[in-house]
1. Step through the residues of segment 12-20 one at a time and calculate ³J(HN,Hα) from phi using the Karplus curve (6.51 cos²θ - 1.76 cosθ + 1.60, θ = phi - 60°), rounding each to whole Hz and writing x for Gly and Pro.
2. Once label points are set 7 Å from the Cα along Cα→Cβ at both Leu129 and Thr69, what is their separation, rounded to one decimal in nm?
3. Need one value: the accessible area of Glu44 in square angstrom, 1.4 angstrom probe, rounded to the nearest 10.
4. With r as the distance between the Cβ atoms of Asn83 and Met60 and R0 = 35 Å, compute the FRET efficiency 1/(1 + (r/R0)^6) and round to 0.05.
5. Give me the one-decimal nm value for the distance between modelled label points at Tyr23 and Tyr6, 7 Å along each residue's Cα-to-Cβ direction.
6. Return the aspartates and glutamates within reach of Lys48: Cα separation strictly under 16 angstrom, same-chain partners fewer than 8 residues apart disregarded; answer none if there are no such residues.
7. Given R₀ = 35 Å, what would the calculated FRET efficiency be for Lys141 paired with Ile121, taking r from the Cβ atoms and rounding to 0.05?
Amino acid sequence: MKLGKYLLIPWVMLAVYTILSMYNGPVGIVSYRVLLLEREKILENLEKLHLVNQELEGTMTALLSDAETIRIKARELGYGEQNERFVRIVGLPGGRPSNLRPGMIRTAVLPAPVSVSSYRIITLCSGLLLLGLFLLADLGKR
């Protein structure tokens, strides 16, 4: 039975490596949480884009059907009617400020690469430590 405990060392090493990989590995819990946060940001951006799209559709509908809206939009762009004069003041933005602007495109940021070799080193050290403890225990009994 003395040699049976030495068979425990590879299993402990496997358990240590598995736990480290599951928690902080390239496809582990930490990486998954980072991707979930990025997903939430992208979904939030998508909702904002839907709102901007609805506002633009309303403006498009107004421009297709309302002559007064067309006249106001043309003046914002610098057009006018015949025999009409404009006075421009330098330094001020032309026309009314528009709240509508195109949305931003967001892409997911990949999590920082995790070095798997450090897990192997930690696993090897834990196995050697356990082996050393077993050897000390056996040598201490003699």
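1. Rounded to whole hertz, the list is 5, 4, 5, 5, 4, 5, 5, 5, 4.
2. Reported label-point gap for Leu129 and Thr69 is 7.0 nm.
3. Rounded to the nearest 10, that gives 100 Å².
4. According to the calculation, E is roughly 0.70.
5. 3.0 nm
6. Candidates past the 8-residue exclusion: Glu38, Glu40, Glu57.
7. Computed FRET efficiency for Lys141 and Ile121 comes out at 0.70.
The values are calculated or read from the model by the stated rules, or taken from the named source; none is laboratory data. Just so it is clear, the model here is predicted, and its values are computed rather than measured. Neighbour counts are summed over all protein chains in view; Cβ atoms, including those assigned to glycine, are modelled from backbone coordinates with ideal geometry. In case anyone asks, the SASA skips ligands and DNA or RNA and just uses the protein heavy atoms, side chains included. Shrake-Rupley method; radii C 1.70, N 1.55, O 1.52, S 1.80 Å.
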